[in-house]
Amino acid sequence: MPWGFRGRKAVGEAGAFWGFLVFGMGEAVCPKSWVMGRKLRTSNFSPEAQQKEKVSPSSWLLAEFTAEMKEGRWWIFFWGRRGSGKEPGMQIFLCICILFFSVLIYYILGRAFCIKCGCSPVVPEAVVLGFFGYFAVFQVIAEVLILTKQRLHVLSVTWMAVLAVLVAGALFVVVKDRNQDKRMGSKRAALGVKVRPEAGVRILAGILVAAVLCECASAVLMQRNIGWDFAYYIGNMTTSVDTDTMFLYDGSSGVLRRTMELRYALSAFYMNTAWLSQVTGVSALVLQKYVAGVLCVLLTNAVVYSFAMKVFNRDFKKSAVLVTITIVMTICWDVYDTSGQFLILRGYEAKAYCANVVVPAVCYLLYRIWTDSGDKSSWARLFLAASASVAVSMSGIVLVPAMIVIMLLAHMAVERKLDGNVIRRGICCLLPNVCYLAVYFCYTRGWLILEV
């Protein structure tokens, strides 16, 4: 059983929290004596240090990982050691499953969102929109639990229940729309419309897929860079899993904080990895470095492909060539302080997601609005991306609003008039980040302090 707690107790505590919150009966407090029993699965981890809960397990994890990498035995973190409690191949199998189902869930959510908005984007864009929708909702649930200092397993149970409802509803919408598409497809077949792609298109598609896989290998599997930032983030995640808390312990030292650092706690990006690690038993380092790293590469190319399809009027050949050239330049042209360098060396960090997914996606949506400011579906997609920007990375708390404001000012300057609809919709897209920015500003001024 991968979880370190019993299902009934976890569901009961999660239900108690939300019951107390909804009915105004006060804050539901989980028993302080309840501690996760699952040990970090590394040979150098000390059970005594775990019981004290004052030393972060990330130091042992990173030390062992670095030693294995120097000896060229990176595969140990996937396949495990004999006699260590891991089944051979289970780590890599779970990672592949998590990656596959993550992309599938993103597509289902994104496709349902597009159906409700009345738009029909390409499949990669639907995946990106589903990614934003996932984290926009996850952020709301997680921040309520983080700021009220709830246990990590409460987040796990609550989010799995909410996600099941979201996916079920989205799947219903997609299947219903799919049945209508089948009827239209049968009509096109009766009229003799050719559906099978040309040979050149299939060749380009194969080259594009091969290029994306090469970039995944280059950016995630081949590089061995682990910086102090990532060590701190890993410390936050592993300590959260082992102490069953969220942002209460320092990621570097493992010492219990006096106050919660909202600089990190306002973004729930890494807690998504933490709850997956708690549920599956896979190390948070493995999940973040490999699953999140590969996912960043896939989403980055999905944004570039969507942008190209819009610019080239849905010409697949030109779009595939552009994406392939972009991948080759990213791999071969290693320039420091660029989004491509972040993707190659630090694709598993939130800042890399901001530089390669959030910012390009917002640029793409702003381009759509620039070409057709009356398209409501483009505004809805921009609002979704803005709502999820802080959830993905705190770097987006200022970048995304600045981009939207610049676009609004440029639009007014070019059109030489004040368009009320554009201004109102732009302000609506600014609201999520403005709210986060207000909370963070109060925290930096010392007006908002959350004691641990």
Nearest-10 value in Å² for the accessible area of R257, using the 1.4 Å probe = 30
key: Low-density loop cleavage sites - trypsin sites (Lys or Arg not before Pro) in the stretch 314-353, where at most 14 other Cβ are within 10 Å (DSSP)   = R314
task = Go through the stretch 415-452 and name the chymotrypsin sites (Phe, Trp or Tyr not before Pro) that are in a DSSP coil and have 12 or fewer other Cβ atoms within 10 Å of their Cβ.
result = W447
message = Which of rounded, prolate or oblate describes the stretch 301-360 when judged by the alpha-carbon gyration tensor and an a/c cut-off of 1.5?
response = oblate
Over the stretch 104-175, relative contact order from alpha-carbon pairs under 8 Å, at least 6 apart, % = 42
query = Ordered by packing density, taken as the mean number of other Cβ atoms within 10 Å over each peptide's residues, highest first, how do 152-162, 298-308 rank?
reply = 298-308, 152-162
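I'd like the trypsin sites (Lys or Arg not before Pro) in the stretch 352-452 restricted to DSSP loop residues with at most 12 other Cβ atoms within 10 Å, sorted by number. Mind showing how you got there, number by number?
Working: sites: R368, K376, R381, R416, K417, R424, R425, R445; in loops: R416, K417, R445.
The qualifying sites are R416, K417, R445.
Of the cross-linked pairs K116/K417; K176/K376; K289/K351; K116/K317, which ones have a Cα-Cα span greater than 25 Å in the structure shown? Provide the component values of the computation, followed by the final result.
Working: K116/K417 31 Å; K176/K376 23 Å; K289/K351 13 Å; K116/K317 29 Å.
Pairs exceeding the cut-off: K116/K417; K116/K317.
From the square roots a ≥ b ≥ c of the eigenvalues of the alpha-carbon gyration tensor of the stretch 294-452, which class results: rounded (a/c under 1.5), prolate (a/b over b/c), or oblate?
Values: a/c = 2.35, a/b = 1.13, b/c = 2.08.
Since a/c reaches 1.5 but b/c is at least a/b, the shape of the stretch 294-452 is classed as oblate.
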remark   = Ordering L450, L145, L409 by the accessible surface of their heavy atoms, 1.4 Å probe, largest first, yields L409, L450, L145
message = Taking amide H atoms as placed 1.01 Å from N in the peptide plane, list the residues 5 or more away in sequence, or in a different chain, whose amide H sits under 5 Å from that of Y249.
response = R257
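The values are calculated or read from the model by the stated rules, or taken from the named source; none is laboratory data. All values derive from a computational prediction rather than experimental measurement. For neighbour counting, all protein chains shown are included, and Cβ atoms are generated from backbone atoms with ideal geometry for every residue, glycine included. Please note that ligands, DNA and RNA were not included when accessible areas were found on the heavy atoms of the full protein model with its side chains. Shrake-Rupley method; radii C 1.70, N 1.55, O 1.52, S 1.80 Å.
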